[in-house]
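Enquirer: Quick one: the structure is below, questions incoming.
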Amino acid sequence: MAKKEENKTQKIQIRQSNKPLILVTNDDGVDAKGVRLLANIARKFGRVILVAPSGPQSGKSHAITFTSPLRISRIHAEKDFLIYKANNTPVDAVKLAQCVLLKDQKIDLLLAGINHGSNSSSSVFYSGTIAAAIEGCLNKIPSIGFSLADYSSSPHFETAEKAAHTIIQAVLENKLPENICLNVNIPNIPLEEMKGYRITRQGLNRWQEELEERFDPVGRPYYWLNGFLIETDDNEDTDEWALKNNYVSIHPIQTDLTAHSYIKTMKKWKF
C-alpha cells in the first residue's frame with residue numbers, strides 16, 4: 001500500500017506543474033549514456049519522465065508484448081524528474097508510460113534516443129528507437145527520435161547534445177502536425193566540424209544480410225545475423241548523404257504508409 005501511495009504522490013507532483021511534460025525513452029536500455037544525456041537535455045525544457053527498457057532492445061522495431069506480463073519499476077525520483085525501467089520493448093515502455101504512469105495526463109513531447117548508432121535509410125524499419133517515436137506520433141504526441149552515428153561508448157556526445165537541444169527547441173516553438181514525427185541522425189564528429197542541419201528524405205538503400213553459420217557443442221548448426229548496407233541512392237537530399245557530409249539529418253516521417261500515388265493506377269486493375 002505504501003508503494004502505491006508513493007507512486008500516486010509522484011503522479012500528483014508531475015501533474016501540478018505548468019511546464020511541458022516530456023516522455024523520454026530508447027531502445028539501448030535505461031542505463032545507456034545516450035538516453036541519460038537526452039533526459040538531461042529535456043530537463044531544460046520541462047518536467048521529464050524517463051521510461052525505458054531494462055536492457056538493450058535494438059532491432060525490435062514496433063514489437064509489442066502480449067504473451068507475457070508487462071512490468072515497470074521506479075529507479076529514481078526527484079522534483080520534475082522520474083526514471084522507470086520496463087521489462088519489454090521500447091513501444092511497450094511508451095504504452096506503459098501513457099496508459100499507466102501518465103494516464104489522463106497530456107504528454108507534450110516524446111523524445112526517443114539518443115540511439116547508439118544511426119537510424120538512417122532502411123534502418124528506420126528495424127529501429128526500436130524510431131518505433132517509439134512513431135508510437136508517440138500515432139497517439140497524437142509530438143515525437144522525435146535521435147540517433148548518433150557511432151556504436152562506441154564514448155562518441156562525440158557534445159555534437160549530439162547541441163543538435164538535440166536545437167531541434168527540441170525548434171519543435172516546441174514551431175509545433176509538429178498530427179501524424180508526423182522526426183527521425184534525427186547526427187554525425188559522429190567534433191562539434192566544430194558540424195556544418196549545420198539538412199531536411200532530408202529516407203535514403204532508398206537496403207541491407208544485405210549475411211547469416212554466418214556456426215555450430216553448437218553437439219554439432220547442431222545455428223546462425224548469427226550480420227550484414228552491410230547496399231547504397232544505391234546517393235542523391236544529396238537523403239539522410240545518408242547528410243551524415244556523410246557532416247550535416248545533422250532531420251527526416252520527417254508520416255504514420256500513413258499508404259502509397260497514395262499508386263491508388264489511381266491500381267483502380268484500373270481487374271479483380
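Enquirer: Is it the case that region 144-157 has a residue that's within 23 Å of LYS44 (Cα to Cα), in a strand (DSSP E or B) and in contact with a Cys (Cβ under 9 Å, 6 or more places away or on another chain)?
Expert: Yes, region 144-157 contains a residue that is within 23 Å of LYS44 (Cα to Cα), in a strand (DSSP E or B) and in contact with a Cys (Cβ under 9 Å, 6 or more places away or on another chain).
Enquirer: Looking at this structure, is ARG36 closer than 28 Å to ASN185 by Cβ and without any contact (Cβ under 8 Å) to a residue 24 or more places away in the chain?
Expert: So ARG36 fits the description; yes.
Enquirer: Okay, next question. For the subset of region 102-115 comprising residues that are touching a helix residue (DSSP H, G or I) at 6+ places or on another chain (Cβ under 7 Å) and farther than 30 Å from LYS244 by Cβ, which member is modelled with the highest pLDDT?
Expert: ILE107
Enquirer: Right, next: Quick one: what pairs do we get from region 121-133, first residue more than 13 Å from LEU229 (Cα to Cα), second aromatic (Phe, Trp, Tyr), C-beta under 8 Å, 6+ apart or different chains?
Expert: Pairs found: THR129/PHE146.
Enquirer: A follow-up question, please. What number of residues within region 139-158 satisfy the criterion of being buried (at least 18 other Cβ atoms within 10 Å of the Cβ), touching a residue at least 40 places away in the same chain (Cβ under 8 Å) and of a type in the set (S, T, N, Q)?
Expert: Total meeting the criteria: 0.
Enquirer: Would it be correct to say that LEU211 is over 19 Å from HIS116 (Cα atoms), modelled with pLDDT under 90 and in contact with a helix residue (DSSP H, G or I) (Cβ under 8 Å, 6 or more places away or on another chain)?
Expert: For LEU211, the condition - over 19 Å from HIS116 (Cα atoms), modelled with pLDDT under 90 and in contact with a helix residue (DSSP H, G or I) (Cβ under 8 Å, 6 or more places away or on another chain) - is not met.
Enquirer: From the list SER123, SER118, exactly one residue is in a helix (DSSP H, G or I), among the hydroxyl-bearing types (Ser, Thr, Tyr) and either under 25 Å from GLU161 (Cα atoms) or modelled with pLDDT of 95 or more (or both). Which is it?
Expert: SER123
Enquirer: For residues in region 231-271 being among the basic types (Lys, Arg) and exposed (fewer than 12 other Cβ atoms within 10 Å of the Cβ), which is farthest from LEU148 (Cα to Cα)?
Expert: LYS270
Enquirer: What are the residue pairs meeting all of these: first residue in region 62-74, first residue in contact (Cβ under 8 Å) with a residue 40 or more places away in the chain, second residue assigned to a loop (DSSP other than H, G, I, E, B) and of a type in the set (Val, Ile, Thr), Cβ atoms under 7 Å, and 6 or more apart or on different chains?
Expert: ALA63/THR89
Enquirer: Check ASN183, ASN188, ASN179, ASN205 and return the single one that is surrounded by 16 or more Cβ atoms within 10 Å (Cβ to Cβ), more than 21 Å from ALA163 (Cα to Cα) and under 21 Å from the mean Cα position of the chain (by Cα). Spell out how you get there, then give the answer.
Expert: Numbers: ASN183 fails: more than 21 Å from ALA163 (Cα to Cα); ASN188 fails: more than 21 Å from ALA163 (Cα to Cα); ASN179 fails: surrounded by 16 or more Cβ atoms within 10 Å (Cβ to Cβ).
Result of the check over ASN183, ASN188, ASN179, ASN205: ASN205.
Enquirer: For region 163-179, state whether one or more residues are closer than 17 Å to VAL248 by Cβ, part of a strand (DSSP E or B) and in contact (Cβ under 8 Å) with a residue 60 or more places away in the chain.
Expert: no
Enquirer: Scan region 254-271 and report the pairs whose first residue is in contact (Cβ under 8 Å) with a residue 12 or more places away in the chain and whose second residue is not in a loop (DSSP other than H, G, I, E, B), with Cβ atoms within less than 6 Å and a gap of 6+ or a chain change.
Expert: Between residues of region 254-271 that are in contact (Cβ under 8 Å) with a residue 12 or more places away in the chain and residues that are not in a loop (DSSP other than H, G, I, E, B), the close pairs are GLN254/ILE180; THR255/CYS137; THR255/LEU138.
Enquirer: Take region 134-158 and flag every residue that is within 24 Å of GLU231 (Cβ to Cβ), modelled with pLDDT of 95 or more and among the hydroxyl-bearing types (Ser, Thr, Tyr).
Expert: SER147
The values are calculated or read from the model by the stated rules, or taken from the named source; none is laboratory data. All values reported here derive from a predicted model rather than from experimental measurement. Please note: Cβ atoms are built from the backbone with ideal geometry, for glycine as well, and neighbour counts cover all protein chains shown.
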